[in-house]
Amino acid sequence: MVIHAYDEEYFESARRIMGDLFDFAMVTTGVLPETLQKMMITSSSIRQFEKGNPSYVAGMTGCELFIKMVEESGLGIKIPAEEMYLDKSPEYWSGWAIAFYQWYSGKTFERIFEYISIEELLNMYPVFHEMDIMQFVDEVDKKIASGSTGTRLSIIRKYAGLTQKELSEVSDVPLRQIQLFEQRQRDINKCQAETLLRLSKALKCNIEDILEI
């Protein structure tokens, strides 16, 4: 039996909000897919969305949720006036579809993005947007079943635009230790809390974001 991420009463609203968020972020605001992805995996607001907090999956628009993400990120992105379009863009479909998968699977967006990027979602639009959504689910499941492309630490580090050496310098964590974590030769879940805190502060994320859960 599938245990969904949150109650079904918020299901339609959540998909619409995420679709509007993707459209507003990438089409109206001009944010690049990789930037939006980084913002999502480090956003506390997205954590609330994933949990089905009514204020986030029903109580605001996609534009309002994106503005909260921008404020959290500190990126200084200029927000234009909100615009609503009758025609649904590939960006809207990508947000709508990945919100469905997150609800259906119960996985976090961060975990999902370890296997499929927002850029890949956009490329899936021509093939999958007119299909039953479960065909999209099956395709993402296949990608996840094929295995992770890296540890959480390595993925977030790359999204932050840091090399291993640069992360070592910013966090004051030895380079060799970071290498061992990313090569899975040392269990990051068992390292000292102080090390995790230094890494998370350097990457501007929560400690749990870099753990292998």
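Read-outs: derived from the displayed coordinates by stated rules, not from any lab. Since the structure is predicted, the reported quantities are computational estimates derived from the model, not experimental observations. Note that we place each Cβ from the backbone using ideal geometry, even for glycine, and neighbour counts take in every protein chain shown.
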Folded to 0 to 90 degrees: helix 11-23 orientation relative to the chain principal axis, Cα:
70 degrees
Cα atoms only: what Rg and Dmax, in Å, come out for region 40-157?
14.9, 41
Added length on full extension, which subtracts the Cα-Cα distance from 0.36 nm per residue, Glu169 to Ser55:
37.2 nm
Please find the FRET efficiency linking Lys201 to Ser89, where r is the Cβ-Cβ separation and R0 is fixed at 25 Å, and quote it to the nearest 0.05.
0.10
At a Förster radius of 25 Å, what calculated FRET efficiency corresponds to the Cβ-Cβ distance of Asn123 and Ser146, to the nearest 0.05?
0.90
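Give me the orientation-averaged projected area of the Cα convex hull of region 152-210, in nm², one decimal.
Numbers: hull surface 13.1 nm².
Projected area, direction-averaged: 3.3 nm².
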Gap separating the Cα centres of region 1-49 and region 91-139, nearest whole Å
11 Å
State, to one decimal in nm, how far the label point of Ser73 lies from the label point of Glu212, with both points 7 Å from Cα in the Cβ direction.
2.9 nm
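Tell me what the chain gives for mean residue ellipticity at 222 nm when only DSSP H runs of n ≥ 4 count, each as -39,500 (n - 2.57), the sum divided by the residue total, rounded to 500 deg cm²/dmol.
Numbers: 13 runs with 126 residues, N = 213.
That comes out to -17000 deg cm²/dmol.
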Cα-Cα over 19 Å: which of Lys38/Lys158; Lys68/Lys107; Lys158/Lys201; Lys51/Lys158; Lys88/Lys142; Lys107/Lys142?
Lys68/Lys107; Lys51/Lys158; Lys88/Lys142
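For the chain, would you read off the P(r) tail past 22 Å as a percentage of all alpha carbon pairs? Walk me through the intermediate numbers first.
Details: 11482 of 22578 pairs.
The answer is 51 percent, as a whole percent.
Can you list the equivalent-ellipsoid semi-axes of region 91-146, largest first and in whole Å, using the square root of 5 times each Cα gyration tensor eigenvalue? Kindly include the intermediate steps, with their values, before the conclusion.
Values: eigenvalues 48, 27, 25 Å².
After scaling each eigenvalue by five and taking roots: 16, 12, 11 Å.
For Cα pairs less than 8 Å apart in space and 6+ apart in sequence, what is the mean separation divided by the residue count of region 8-145, i.e. the relative contact order in percent?
On the way: 143 pairs, mean separation 47.4, N = 138.
Once divided by the residue count of region 8-145, the mean separation gives 34 percent.
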Sparse-neighbourhood loop hits (chymotrypsin sites (Phe, Trp or Tyr not before Pro), region 16-103; DSSP loop; Cβ within 10 Å at most 10 others) -> none
